[in-house]
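Note sheet for the following structure.
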């Protein structure tokens, strides 16, 4: 499926306008929506390529800039130590309520888009995996894919580093796909066990996959990239979205 040129718009949120990048197929058809959450580096080239890949399977893909209230619109942090330090600083500076308000704005945008079907899923990577997990608490979200969601087992997302994500699993109405790398130091075995136990105890509708892979195996830049595994897991994500959102 061919794509239109990506476009950008500013969605209103309580913390100010949120620059959001939209990827969509050509033609006049209607498509389910996916909110794609980035890593701490915002909308980098690998995130943009992932968004285009999803859109190419027949979805409207909205990619919000997660630190919109702190950084000028369009800011991309580099994949280096300075970029990581800034991204981690802002991750803990942003109130949890602001993350949730951003999610509501992005989901509502796709629900009501003129080219949409009204069905919405969410997907996220690293920090974005945790944000997708929380966005899945929105009643309008039918499916969520979380790639190596960081801070979930530590309850440390947001200002004060005391999130309630695992305590609110029963607020998730849709289906979850949780994907992890066993060699990921950010979510070690004991952390993954904590998350799995919480999901199972809460009776969540989820599928769980662990692979022999490092953190950031999905990112198509850097030495940790695993192209074969990226192809496999992105395919799993599309299968879930097609099944739960009515097809791409």
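Laboratory data are not the source of any read-out in this text; all were calculated from the coordinates shown. This structure is a prediction, so every number in the text was calculated from the model and none was measured. Positions of Cβ are generated from backbone atoms using ideal geometry, with glycine treated the same way; all protein chains shown enter the neighbour counts.
Quick notes
- Shape of region 7-245, Cα gyration tensor, a/c cut at 1.5: rounded
- With a simple spin-label model that places each label point 7 Å from the Cα along the Cα-to-Cβ direction, the separation between residue 183 and residue 205 comes to 3.6 nm.
- Förster radius 45 Å - calculated FRET efficiency between residue 159 and residue 2 (Cβ-Cβ, nearest 0.05): 0.60
- Length gained on full extension, residue 228 to residue 193: 10.0 nm, using 0.36 nm per residue less the C-alpha separation.
- Largest mean-square fluctuation among 157, 11, 127, in a Gaussian network model of the chain whose springs join Cα atoms under 10 Å apart, belongs to 11.
- The slack in the chain from residue 104 to residue 168, taken as 0.36 nm per residue of separation less the alpha-carbon distance, amounts to 21.4 nm.
- Relative counts (whole %) of C-alpha pair distances in region 1-144, using bins that are 10 Å wide: 13, 47, 33, 7, 0
- Anisotropy class of region 116-248 from Cα gyration tensor, a/c 1.5 cut: oblate
- Note on residue 11 and residue 114: the extension gain reaches 35.5 nm, defined as 0.36 nm multiplied by sequence separation minus the Cα-Cα distance.
- GNM flexibility winner over the chain from 22, 90, 176 (Cα, springs under 10 Å): 90
- Of 86, 91, the sequence from fewest to most neighbouring Cβ atoms within 10 angstrom is 86, 91.
- Tensor-based shape of region 184-248 (alpha-carbon gyration tensor, a/c under 1.5 rounded, otherwise prolate or oblate): oblate
- Most mobile listed residue (106, 237, 73) in the chain, GNM with C-alpha springs under 10 Å: 73
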